[in-house]
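Comments concern the structure below.
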């Protein structure tokens, strides 16, 4: 199987899952459902679910067992973007080149859509008809709740809003926590608990996540077409970024270093890490 | 044990749990932690955890096994109040007579505090060291995620904001879903799956919840000291309420009827429903 085939297959599975849990579901409030669906289907790169599937593949999980964590983590990511874009937060009218959820609908509906995506993620982990053991489902719920809560993502966003010089630590919480959770979830789907493998996966995800964030900061300066956000939004918001702190050249060098370390980590995992490697390449735009 | 002793004991247990999970926890973002703690400790009546404990007591659960669902459902309730009070939602500056979370802190922090309370609730159900079986933990996660999500509470809030004549249905989602979940969680803590008991508990919680909501609507007209909200807020927000729809007398009569039916439902459950009964009485202010 080629990488393109792999990502197409993942996307196809996700679309089916979104249909089951969002579109075809009978939600009592139509507008809420529309807002949830709009935000989730708003054309993301699906990095986190791809990491779940690629890790599951590397460790011989059945693809079906990777389905529930793949969709669950994407729903958590989608909710966080809805809330991050709100006027009281990053105040961004655009997301991926389209109106942010609170512009396409309204602020109250956007808050509620985000609120409703969270329990749905946990519900799916608890109820999806994959052949996961109860202990696997609970391990997934622990990983996802820990990464998305006050020890992870939400604290990262709080620190980001407050403004901090410790941006590596902030991004490690804000975006790193969910990326690391993605590979951990893939490992649980495969029922792999071997410490060496888990540490290597974590190093991989951590490095790729930080490199991706650095690149995102560079793109904010260089090209808004790729991020789909208004150009120079970070500068306008007076945000501390990696380039503003380290300079553009140093940031580029660090991306290289993190990328190289992430590939080294993969070597300890085995033979089937090809898709994880290609995913890293795609994320850091080494191929077009 | 007397009812007062029972509620004191529950409150004591909850305070200890809040300490473990909120105050003593090392949350990376201090302000976020303060906002979460402020909102949760802001003097609520703890109706939902009391329902969990009273149901657990009625069905012979160990009190420790009722701890995780009791705190989890209160955290979900607390998050929903933080978000409900936001300017884009009900726009209420006061909550229980004190500044709402977004006034005591700021809007962004209030949104994030609510966001972080959600995964914490699910994390506690998955990790609290009570002697619950994995299947019980997953059953609790299913009940809580279902009740708090797009099939329950969040849809209720969305319908409330949109304005609807079907206010019984709206309240059944907005507040009824969590109250029904409370008694279901207590039953799972006791490992009771007997259908007759579950149906009776559900009828009890549904009726008490609706009666309580009707009384809350009456109080909004009559006395703001008890609700801690500015008097006449519903009228100012042009909300349809039970009294505005049915008239005050009809509303009072319905409260009586629902109360009486809830007591009838309890009779099928057994000998130890005393605290559920007294809880209903306290909620509907039959005793001072």
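Before moving on, here are some points about what is shown:
- Scanning region A:31-46 for residues that are in a helix (DSSP H, G or I) and free of Cβ contacts under 8 Å to residues at least 60 places away in the same chain gives A:33, A:37.
- Residue B:158 being over 14 Å from residue A:119 (Cα atoms), surrounded by 24 or more Cβ atoms within 10 Å (Cβ to Cβ) and free of Cβ contacts under 8 Å to residues at least 12 places away in the same chain: yes
- Qualifying residue in region B:34-52 (condition: under 16 Å from residue B:124 (Cα atoms), away from chain A (no Cβ under 14 Å) and surrounded by fewer than 20 Cβ atoms within 10 Å (Cβ to Cβ)): no
- Test for residue B:203: is it in contact (Cβ under 8 Å) with a residue 60 or more places away in the chain, within 14 Å of chain A (Cβ to nearest Cβ) and either surrounded by 16 or more Cβ atoms within 10 Å (Cβ to Cβ) or assigned to a loop (DSSP other than H, G, I, E, B) (or both): no
- Within region A:163-186, considering residues that are assigned to a helix (DSSP H, G or I) and out of contact with any helix residue (DSSP H, G or I) (no Cβ under 6 Å at 6 or more places or on another chain), the one surrounded by the most Cβ atoms within 10 Å (Cβ to Cβ): A:167
- Enumeration of residues in region A:47-89 that are at negative phi and assigned to a loop (DSSP other than H, G, I, E, B): A:59, A:61, A:62, A:86, A:87, A:88, A:89
- Filtered residue count, region A:133-143, keeping only those that are closer than 16 Å to residue A:177 by Cα and at the interface with another protein chain (Cβ under 7 Å from one of its Cβ atoms): 2
- Residue that is nearest to residue A:190 (Cα to Cα), among those in region A:101-132 that are assigned to a loop (DSSP other than H, G, I, E, B) and more than 8 Å from chain B (Cβ to nearest Cβ): A:132
- Residues that are over 20 Å from the mean Cα position of the chain (by Cα) and assigned to a helix (DSSP H, G or I) within region B:133-162 comprise B:134, B:135, B:136, B:138, B:162, listed in sequence order.
Read the figures in this text as sums done on the coordinates, not as results from a lab. The structure displayed is predicted, hence computed values, not measured ones. Here the Cβ is made from the backbone with ideal geometry for all residues, glycine too, and neighbour counts use every protein chain on show.
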